[in-house]
Structure formats: structure tokens, C-alpha cells
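Since the structure comes first, as C-alpha cells, the remarks are kept for the end.
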């Protein structure tokens, strides 16, 4: 089964896609809110990209505090997830995330990506980490949104 992973952010949103068997995650694209007139247009573009990717399900990164508690950002991701679910008729899963962006930055630094190019791929790499973590879970541990 093919998945699209999303690292939602208030400024940029990174997407990753799995292989058709749902074993590995790859960077897909980054959407920047400044490229859209409003969030509604961004959500429409996300839905279109999910459909283009041929995904059978979506995995949303759910930012939590280290103790597992929720933050304002967590509530915003839950709200965006509800809006995405209205636009795509696919199962949507949550994958708790902690430090995915920090780990993604370390990954792209180690890969030798120049500093001026990092911002363009950081959110995609965070989405890759979220999706890869999800794919490594046994199916009975995956939580629907």
C-alpha cells in the first residue's frame, strides 16, 4: 500500500511518499504557505498532490511534547487533518513525532546539502522521517486519525 506522509507547518509543509509496497519513504515536495493566497488553497493543493501520488492512505505527523502532552501546534495539526479528510477519501493516520525537524536537519547536513539549499528540503526530510517511522510500526499499532 502506498502512503503519503505530511509534516505540516505554519510556514512550510513537507510531503514524502512511500514505495508501492509501503516499505520505504522518499521526499516528495514542500509547499510554502506564501505561495498560496490562503490556507484553503494550500489544502486544495495538498489534496491534489496526495491524489497525484496515488496514495492509498495519508500519515500526518502529530507534534507532541516529550511527555506526550499536546500543544497548540498539535491542535492545529488535528484541525488541518480534519480539513484534509474532507478533501480526500482515504484513511488518515497520526504518527506521533518528536524532533523530526531536528533529526531531518542533521540528516541533510550529513548528506552534504549546502546551507542555502537546506530550507527547500528540510520539511520533506522531516516528512520522510515521519513516514518511515510509521512504516516501521506493526499494522496493529497504527492509529487512525
So residue 24, is it within 10 Å of the chain's Cα centre (by Cα) and either modelled with pLDDT of 95 or more or over 20 Å from residue 75 (Cβ atoms) (or both): no
Residue within segment 121-144 that is at pLDDT below 80 and under 22 Å from residue 24 (Cα atoms) present: yes
Qualifying positions in segment 58-72 - more than 12 Å from the chain's Cα centre (by Cα) and closer than 25 Å to residue 18 by Cα: 64
Of residues in segment 56-83 being assigned to a helix (DSSP H, G or I) and under 20 Å from residue 142 (Cβ atoms), the one modelled with the lowest pLDDT: 74
Neighbours by Cβ (under 7 Å, 6+ apart or cross-chain): first from segment 53-80, in contact (Cβ under 8 Å) with a residue 40 or more places away in the chain and on the phi > 0 side of the Ramachandran plot; second in a helix (DSSP H, G or I) and buried (at least 17 other Cβ atoms within 10 Å of the Cβ): none
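The values are calculated or read from the model by the stated rules, or taken from the named source; none is laboratory data. All of these numbers come straight from a predicted model, not from anything done at the bench. Using ideal geometry, Cβ is built from the backbone for each residue, glycine included, and neighbour counts are taken over all protein chains shown.
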